[in-house]
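Here the structure comes first, spelled out in structure tokens, and everything after it is commentary.
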Amino acid sequence: MTHDKRNSEPAPRRRFFFAAGAGGLLLLAAALRIGGAFNDLWLDEIWSVRLAGTLSSFGQIFTGLHQDNNHYLNTAWLYLCGQRGNWWGYRVPALAAGVGTVCLAGVLGRPRGRPCALLAMAVTGFSHVLVLYSSEARGYAPMLFFAFLCFFLLDTFLRRLEWRWAGLFSLGAILGFCSHLSFILFFLAAMFWSACRLVLARVGPGRAAGALLACHALPAAFVAWLYWVDIRSVAATGGSATGGWTGLETILAWAVGRPPGAAALLAAALAVAAALAGALWRLWRERSDQLLFFGVMTVLVPAGLVLVLPPVAFYVRFFIISLAFFLLLASYALAWLYDRGPGGRAACFILLGLFILCNGLQTAEFLRLGRGHYAEAVRFMAAHTPGAGARVGGDHDFRIPLILDFYREAAAPKILCYLPQSESPPGGVDWLICHREAGEPPVPPSPQLCDPEGHRYDWVKTYPAAPLSGLHWFLYRNAAAAR
């Protein structure tokens, strides 16, 4: 890492203001993430809770599920917590990891000076994408925490070549793989960077090989074991995505908060590309070998995903590890501006203010809408259903009944029974639930729908979700039953 060029110890007042600023940013980051945790669990979280409920032993987390929604550490927490329904406590590990990632961003920025440390904490702390995935009971937030931690540990090891740091890196990498398997993207970039750095440092072949093995052999063996006991048996499931993001510019724009409007979205995507190019150029001018790592993580990895994934699968979460390291790199760029005098500081604060504004608008919308209002929708159907219960249909025979069953207590004492599309009863179901991905507009398919048997359903109410995580629900009532 590039080290702070200041030789003198800053005054106690400066240290105090730095500590106060860092503490304040951590508190704000924690508040945003905690606020984002108090809303309904959505499809993928519910699915994870249900999968954990099928386990009969702890070891089956690795050997008994064979589902791509099984994020091992998250599943372990859900298994230990038990079946508690719509409980925010399932999100505690993600919350802790999310706040820890902001703290680590400050640690990673500190060698470039205290302003860079605070800027790194501000950028990661206010990033809407990181706020959202740090308040969700899945493995993305822990994965990012261990990626930042391993970046720090590997850099320390490569500078000192002390074997304890290699051991800590190996442990962190294993926990990263247990958080989410897309940690492999970081791990491969780290292997490439460490090999290049050892060559550039003119470390002897034997010592370099030993250093690489000390860092990477154990995590690689762990991944091979995971492949043998689980990954090779993972099969497609009924919860696979239908639809999704169709533009790479949308992915890029989310890195800075995705400002509203098509023109603003394109401008944001171009700004991200320009910022990335400028930051990498600056690392090249510094002759920093971090250029190799950041180049792989922020350019080659996303480019590879674009080539591998179909356009309809451009979900932001697939690119989140590259996005997180882009944010860290962006904080370096802001710090360079800050150090260029009054004009540079003004530009730094203007750009940071725009970043916070765009992300703040998205986070405010997320805090308002959450990941959907499924419990509220179930209560509405129960309140407007005469008798002991109702028959419910849907446009997806995996997603709709999974969520409906999870929130069945919200309908008590009435019973809402889901009927698959192939089992439409005479006269049709009482309620029909249609859904859309949260990235699509929360507009019902039509004011009226007809099932294959010709039964008519009238749109009654929409329950929207904020973008990225969640599903819009559209309630339709049987027109005949409503009379």
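Details
- From the list 379, 391, 436, the one residue that fits, being among the basic types (Lys, Arg) and in a helix (DSSP H, G or I), is 379.
- Pairs where the first residue, in segment 404-427, is under 18 Å from residue 451 (Cβ atoms) and the second is part of a helix (DSSP H, G or I), C-beta under 6 Å, 6+ apart: 418/401; 418/404
- Candidates 330, 375, 335, 324 - the one that is over 21 Å from residue 295 (Cα atoms), crowded, with 19+ Cβ neighbours inside 10 Å, touching a residue at least 24 places away in the same chain (Cβ under 8 Å) and aliphatic (A, V, I, L, M): 375
- Filter result (surrounded by fewer than 22 Cβ atoms within 10 Å (Cβ to Cβ) and assigned to a strand (DSSP E or B)) within segment 440-470: 448, 449, 450, 456, 458, 459, 460, 461, 462
Table: residues versus (1) at pLDDT 85 or above; (2) under 16 Å from residue 276 (Cβ atoms).
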{"site": "310", "(1), (2)": "no, no"}
{"site": "326", "(1), (2)": "yes, yes"}
{"site": "332", "(1), (2)": "yes, yes"}
{"site": "335", "(1), (2)": "yes, yes"}
{"site": "341", "(1), (2)": "yes, no"}
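- Helices (runs of 4 or more DSSP H) contained in segment 255-319 and holding at least 2 residues surrounded by fewer than 15 Cβ atoms within 10 Å (Cβ to Cβ) and without any contact (Cβ under 8 Å) to a residue 60 or more places away in the chain: 262-286, 301-308
- If you filter segment 400-433 down to residues that are assigned to a helix (DSSP H, G or I) and of a type in the set (S, T, N, Q), you find that the one that is farthest from residue 469 (Cα to Cα) is 422.
- Any hit, segment 461-470, residues being free of Cβ contacts under 8 Å to residues at least 60 places away in the same chain and outside the structural domain of residue 258 (by TED's automatic domain parsing): yes
- Among the residues listed as 317, 287, the single one being of a type in the set (Lys, Arg), in the same structural domain as residue 124 (by TED's automatic domain parsing) and more than 20 Å from residue 256 (Cα to Cα): 287
- The sole residue among 55, 28, 41, 51 that is aliphatic (A, V, I, L, M) and farther than 20 Å from residue 137 by Cα is 28.
- Condition met for residue 299 (within 24 Å of the chain's Cα centre (by Cα) and more than 16 Å from residue 253 (Cα to Cα)): no
- Of the helices (runs of 4 or more DSSP H) that lie entirely inside segment 40-86, not one contains 2 or more residues that are assigned by TED's automatic domain parsing to the domain that holds residue 406 and modelled with pLDDT of 95 or more.
- Members of segment 82-106 that are touching a helix residue (DSSP H, G or I) at 6+ places or on another chain (Cβ under 6 Å) and surrounded by fewer than 16 Cβ atoms within 10 Å (Cβ to Cβ): 83
- Any hit, segment 433-443, residues being acidic (Asp, Glu), at pLDDT 95 or above and in contact with a strand residue (DSSP E or B) (Cβ under 8 Å, 6 or more places away or on another chain): no
- For the condition farther than 20 Å from residue 301 by Cα, surrounded by 13 or more Cβ atoms within 10 Å (Cβ to Cβ) and either modelled with pLDDT under 95 or assigned by TED's automatic domain parsing to the domain that holds residue 147 (or both), residue 195 does not qualify.
For (1) in a helix (DSSP H, G or I); (2) among the aromatic types (Phe, Trp, Tyr); (3) more than 19 Å from the chain's Cα centre (by Cα), each residue gets a yes or a no:
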residue: 325; (1), (2), (3): yes, yes, no
residue: 332; (1), (2), (3): yes, yes, yes
residue: 340; (1), (2), (3): no, no, yes
residue: 345; (1), (2), (3): yes, no, yes
residue: 356; (1), (2), (3): yes, no, no
residue: 361; (1), (2), (3): yes, no, no
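- Every condition in (1) over 26 Å from residue 354 (Cβ atoms); (2) within 17 Å of the chain's Cα centre (by Cα) is met by residue 148 except one, and the failing one is (1).
- Any hit, segment 219-230, residues being assigned to a helix (DSSP H, G or I), at pLDDT below 95 and among the hydroxyl-bearing types (Ser, Thr, Tyr): no
The values are calculated or read from the model by the stated rules, or taken from the named source; none is laboratory data. No experiment lies behind these values; they were computed from the predicted model shown. With ideal geometry, Cβ positions are generated from the backbone for all residues, glycine too; neighbour counts draw on all protein chains shown.
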